[in-house]
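The values are calculated or read from the model by the stated rules, or taken from the named source; none is laboratory data. Since the structure is predicted, the reported quantities are computational estimates derived from the model, not experimental observations. We place every Cβ from the backbone using ideal geometry, glycine too, and count neighbours over all the protein chains shown. SASA here: full protein model, heavy atoms, side chains in, ligands and nucleic acids out. Shrake-Rupley method; radii C 1.70, N 1.55, O 1.52, S 1.80 Å.
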Amino acid sequence: MWGVAKNTFVQIIAKVIVIFISFLLIRLITGTLGREGYGVYAFVTAVILLFATVADWGTSIIAVREASREEDVRPKIFGTTIFVRFILALVAFVLINVFVRIYSPWESFVVSLTIGSLVLLFLSIKTSMVVVLQTFLRFNRAAFIEIVGAVSFLLIVMVLIKNSGGVNNVIIAWVLSSIVAAILAAVVGWGVAKGKFGIDKGVLKNLVKESLPMGLFLLFFSIYNRVDIIILQHFSGIGDVAIYNLAYKVHDNLVLGAAFLMGSAFPVISRMYANGDANEMRIFYQKLFGLITLGGVAVAFIFFFLAPAVIQLLTGREFAQFSDSVLALKILVFATFVSYLNHLTGYSLIAFGKQKSVMVMAIFALA
């Protein structure tokens, strides 16, 4: 449990830094582009991250689980995962560029989405290497990569917006910072794995088989998680996208405490389940449940009352344009608490090899 707590603490500290940087980014973007410009940026990133589900397809979490269980074949698992994920990223890249050109309502977003789609390729490389770091419990190095990526994004945005403002310059900065993060992750991941990567047909077959239900779950969950932005843009316009996304951005960051805790615990639970340590796993699970519940209640309670101050802090002089985000955030913090519990259930079911059950739940949630 100490190792999990240590890794969770490292990730939280790193994420506090990343969140601080992202808040500076939001204030910079809202202050420079206004409500409409921020709305376009929010819409474009939401669409790209929806297609990123195809690029991932559950392979990362399945690879961590399998590599945690079978140390002897780790090099083959890592190499096969990198290969499969990059192919999936290429498929996602093609799909988004074809779709945006044949779907006429998104005609005005063609340039922004085309530029932003490049992120999918570099995000695939970075996440594949994070699989290596997570398996070896090198969460501190993964956290360092996230910090470098966030700092790069902020610095590049500052330079590009200063020279010439515009949404596309922010998207370009996103792509360039993803390249920096991908290169750094590749170097660090290669060093941790000592360059031992390989591709194996058996591992490939198993990875595809195990990832299929998980990929479908993530697809349904991503549609569930992102379709609200697309619906708002279609029926209410880009201005309401900005209002909602700003509140949802805070909610997304508040949930990260649960994500870090379960990300650290996931390899441990996977090993305990594989080894048949039922009693030890029960004790471990009970401790996780207590931490998750307490954390979810505390976060929801605190930020319900801090909502006005948080939105004011994020928007500064543009607060009047985003004041409706306060009520949106007060509503969303109730979802934050539920999401904490869902992280415990979701990660545990995957550790137990119950991806199909998770997929069925996601289908019902989306419906």
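Among the residues of region 319-339 satisfying the criterion of being of a type in the set (S, T, N, Q) and part of a helix (DSSP H, G or I), which is surrounded by the most Cβ atoms within 10 Å (Cβ to Cβ)?
Restricting to residues being of a type in the set (S, T, N, Q) and part of a helix (DSSP H, G or I), the top hit is SER325.
ILE363: open to solvent by 60 Å² or more (accessible area, probe 1.4 Å), part of a helix (DSSP H, G or I) and in contact (Cβ under 8 Å) with a residue 60 or more places away in the chain, yes or no?
Judged against the criteria, ILE363 is a match.
Only one residue in VAL119, VAL131 is at pLDDT below 90, among the β-branched types (Val, Ile, Thr) and touching a Ser or Thr at 6+ places or on another chain (Cβ under 9 Å). Which one?
Criteria check complete, one pass: VAL131.
Residues being open to solvent by 10 Å² or more (accessible area, probe 1.4 Å), in contact (Cβ under 8 Å) with a residue 40 or more places away in the chain and not polar (S, T, N, Q): count how many of those fall in region 242-264.
The number of residues fulfilling the criteria is 12.
Which residues, taken from region 346-358, are surrounded by fewer than 21 Cβ atoms within 10 Å (Cβ to Cβ) and of a type outside the set (Gly, Ala, Ser)?
Selection gives LEU349, PHE352, LYS354, LYS356.
Quick check, is LYS196 without any contact (Cβ under 8 Å) to a residue 24 or more places away in the chain, charged (D, E, K, R) and farther than 30 Å from ALA300 by Cα?
No.
For region 265-285, which residues satisfy the criterion of being without any contact (Cβ under 8 Å) to a residue 12 or more places away in the chain and in a helix (DSSP H, G or I)?
Of everything in region 265-285, those that are without any contact (Cβ under 8 Å) to a residue 12 or more places away in the chain and in a helix (DSSP H, G or I) turn out to be ASN275, ALA278, ASN279, GLU280, ARG282, ILE283.
Here are some residues: LEU219, LEU212, LEU288. Which one is part of a helix (DSSP H, G or I) and open to solvent by 50 Å² or more (accessible area, probe 1.4 Å)?
LEU212
Looking at (1) crowded, with 23+ Cβ neighbours inside 10 Å; (2) in contact with a Leu (Cβ under 9 Å, 6 or more places away or on another chain); (3) modelled with pLDDT under 80, which is the only condition ALA92 fails?
All conditions pass for ALA92, except number (3).
Check off (1) at pLDDT below 85; (2) open to solvent by less than 10 Å² (accessible area, probe 1.4 Å) for ILE19 and give me the number that stays unchecked.
It is condition (2) that ILE19 fails.
Going through GLY198, GLY239 one at a time, which residue ends up being in contact with a Pro (Cβ under 6 Å, 6 or more places away or on another chain) and either open to solvent by less than 40 Å² (accessible area, probe 1.4 Å) or in a loop (DSSP other than H, G, I, E, B) (or both)?
GLY198
When you look at LEU118, is it open to solvent by 60 Å² or more (accessible area, probe 1.4 Å), without any contact (Cβ under 8 Å) to a residue 40 or more places away in the chain, in contact with a helix residue (DSSP H, G or I) (Cβ under 6 Å, 6 or more places away or on another chain) and within 30 Å of GLY263 (Cα to Cα), yes or no?
no
Which ones in region 214-260 are modelled with pLDDT of 80 or more, in contact with a Ser or Thr (Cβ under 6 Å, 6 or more places away or on another chain) and among the aliphatic types (A, V, I, L, M)?
Selection gives ILE243, LEU246, ALA247, LEU254, VAL255.
Among the residues of region 202-209, are any open to solvent by 50 Å² or more (accessible area, probe 1.4 Å), touching a residue at least 40 places away in the same chain (Cβ under 8 Å), β-branched (Val, Ile, Thr) and under 21 Å from LYS15 (Cβ atoms)?
No, the conditions are met nowhere in region 202-209.
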